[in-house]
Amino acid sequence: MASRYTVYGDKIDSLIDSHCEIINQAVLSVIPDHVLVAVVLAGGYGRQEGGVFFEDGEEKLYNDYDMFVVIKDGAKASDYQEKLNALSPSLEEQCGIEVDFGPLKTVSQMKRAPFTLFNYELKYGHKIIWGNKNALDIMPEYEGSRISLIEAAKLLLNRGAGLTLASERLKEGRLDKENDEFITRNIYKALMAQGDSLIMAEGQYHYSYRKRLEIFNGLQQNPETAQFGLAELYADSMEYKFRPKRNIFSKEQLEELLEKTVDLHLQIYCYTMSRLYQTENNFEAVLYSIKNKQMQNCSLKQILKNVVLNCRTCGFENFSFKWYLKYPRYRLFYVLPHFLGDKTLDLRQICCALGCEKEDRKRERFMRLWERFN
């Protein structure tokens with residue numbers, strides 16, 4: 001019997017099973033079975049909540065396959081990672097959808113896996129398609145209720161960058177099939193991230209999409225959560241995740257929804273960061289905290305590492321000592337509101353944070369930093 005990978009799909013489960021077998025054989029062609037511990041399907045399909053696109057009565061795949069591979073201790077990931085990544089183009093051609101491999105990990109690394117949103121969702125929301133079905137039990141126990149709000153901040157950063165790209169495409173005025181899907185998908189990803197962040201802020205996060213929707217509906221009794229009026233849009237984002245559709249909106253409707261989503265993103269980003277830094281819920285206080293406060297005590301080794309990373313990525317243009325002591329992602333935390341339309345920061349502050357002198361370079365520098373440190 002086919003395994004279940006989706007909320008709405010039926011016949012597509014057999015197709016996904018066949019794709020998993022193709023992926024297994026490809027992985028085994030570059031990693032010997034005596035080295036391999038497990039091939040893991042993560043993401044929506046791994047937690048039985050993948051998206052299904054219906055076209056002319058047929059079920060079609062929508063999400064990428066997010067794959068994760070574990071190898072035995074003593075094996076060098078560097079010996080196999082490049083070969084593994086090289087499989088993706090051929091697998092995409094065979095499966096008709098992107099197949100992405102995360103960084104290879106050894107058993108010992110999995111035992112020490114830090115408590116991040118990714119690792120939490122991987123441990124509790126996955127399907128082993130090759131190897132011991134309990135292979136990820138070695139990971140530490142994580143509690144969704146204890147996920148740090150820094151994970152919410154990272155999530156909102158990534159989805160905020162997606163909104164800036166969607167806004168640029170919409171402003172181009174060319175709403176073909178590709179752009180329509182890109183803009184709609186990024187709007188709904190941002191709306192879902194907004195709701196997820198509010199759930200994290202209340203210490204009730206869960207790896208299951210459906211369970212989070214249930215939790216979020218329950219949180220509407222909480223004035224701090226309900227104030228944003230996100231309930232209906234969050235439910236819409238979940239429905240789009242499970243059963244995406246094309247050409248839902250006219251250009252005018254997309255413009256209106258995007259404007260509303262960006263406004264909500266700014267509000268919820270400010271609220272989340274104010275909770276994270278325990279400061280007032282306004283951008284002046286939040287941005288000051290991002291620039292001047294340390295989230296935790298950094299070791300000398302970490303500070304030196306931060307300096308090296310900043311030097312490599314930003315050089316010494318528009319040098320600011322405070323930014324060079326911080327991990328580069330904090331530069332992005334600081335300037336994201338500006339790229340979504342907030343006017344708190346002036347041009348000098350923005351260019352200083354991004355390490356560039358000229359205004360016409362700020363967008364390129366932001367995207368380059370985001371692609372590396374998201």
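The values are calculated or read from the model by the stated rules, or taken from the named source; none is laboratory data. In this text the structure is predicted, and so the values were computed from the model without any measurement. Neighbour counts are summed over all protein chains in view; Cβ atoms, including those assigned to glycine, are modelled from backbone coordinates with ideal geometry. Surface areas here come from the heavy atoms of the whole protein model, side chains and all, with no ligands, DNA or RNA. Shrake-Rupley method; radii C 1.70, N 1.55, O 1.52, S 1.80 Å.
One table, with the values for the structure above:
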{"item": "Accessible solvent surface per residue of the stretch 1-132, calculated while the other protein chains remain in place, 1.4 angstrom probe, Å²", "result": "47 Å²"}
{"item": "23 Å Cα-Cα reach of LYS11 towards lysines, excluding residues that sit fewer than 8 places from it in its own chain", "result": "LYS60, LYS127, LYS241, LYS245"}
{"item": "Distant-in-sequence amide H partners of THR6 (H built 1.01 Å from N, under 5 Å)", "result": "GLY50"}
{"item": "Debye equation applied to the C-alpha atoms of the stretch 198-299, log10 I(q)/I(0) at 0.14, 0.18, 0.22, 0.23 Å⁻¹", "result": "-0.70, -1.00, -1.21, -1.25"}
{"item": "The stretch 343-358 - phi-based ³J(HN,Hα) in whole Hz, Karplus 6.51/-1.76/1.60, Gly and Pro as x", "result": "10, 4, 8, 8, 4, 4, 5, 5, 5, 5, 5, 8, x, 9, 8, 9"}
{"item": "The stretch 152-234: projected area of the alpha-carbon convex hull, averaged over directions, in nm²", "result": "5.9 nm²"}
{"item": "Electrostatic dipole magnitude of the stretch 108-148 [Cβ: Lys, Arg +1; Asp, Glu -1; Cα centre; debye, to 20]", "result": "120 debye"}
{"item": "Relative packing of 187-196, 102-111, which averages over residues the other C-beta atoms within 10 Å, highest first", "result": "187-196, 102-111"}
{"item": "Principal axis dimensions, largest first and in whole angstrom, of the chain by Cα", "result": "59, 51, 41"}
{"item": "Amide proton proximity set for ILE129, modelled H, under 5 Å, gap of 5+", "result": "VAL39, VAL40, LEU41"}
{"item": "Considering only the chain, percent of DSSP beta bridges that pair antiparallel, nearest 5", "result": "70 percent"}
{"item": "Fraction of beta bridges assigned by DSSP in the stretch 26-124 that are antiparallel (%, nearest 5)", "result": "65 percent"}
{"item": "Candidates per GluC sites (Glu not before Pro) in the stretch 273-374, loop by DSSP, up to 12 other Cβ within 10 Å", "result": "GLU357"}
{"item": "The stretch 184-279 - percent of accessible surface contributed by carbon and sulfur, probe 1.4 Å", "result": "42 percent"}
{"item": "GNM flexibility winner over the chain from ASN292, ASN217, ASN186 (Cα, springs under 10 Å)", "result": "ASN292"}
{"item": "For the stretch 173-237: accessible area per residue (Å², 1.4 Å)", "result": "41 Å²"}
{"item": "Portion, in percent, of the accessible area of the stretch 1-77 that falls on carbon or sulfur, probe 1.4 Å", "result": "47 percent"}
{"item": "From phi via Karplus (6.51, -1.76, 1.60), per-residue ³J(HN,Hα) for the stretch 13-30 in Hz, x at Gly/Pro", "result": "4, 5, 5, 5, 4, 5, 5, 4, 5, 4, 5, 4, 5, 5, 4, 5, 6, 10"}
{"item": "Listed peptides 49-57, 36-44, 75-83 by packing density, highest first (mean Cβ within 10 Å)", "result": "36-44, 49-57, 75-83"}
{"item": "Over the stretch 130-170, volume per residue of the alpha carbon convex hull, in Å³", "result": "125 Å³"}
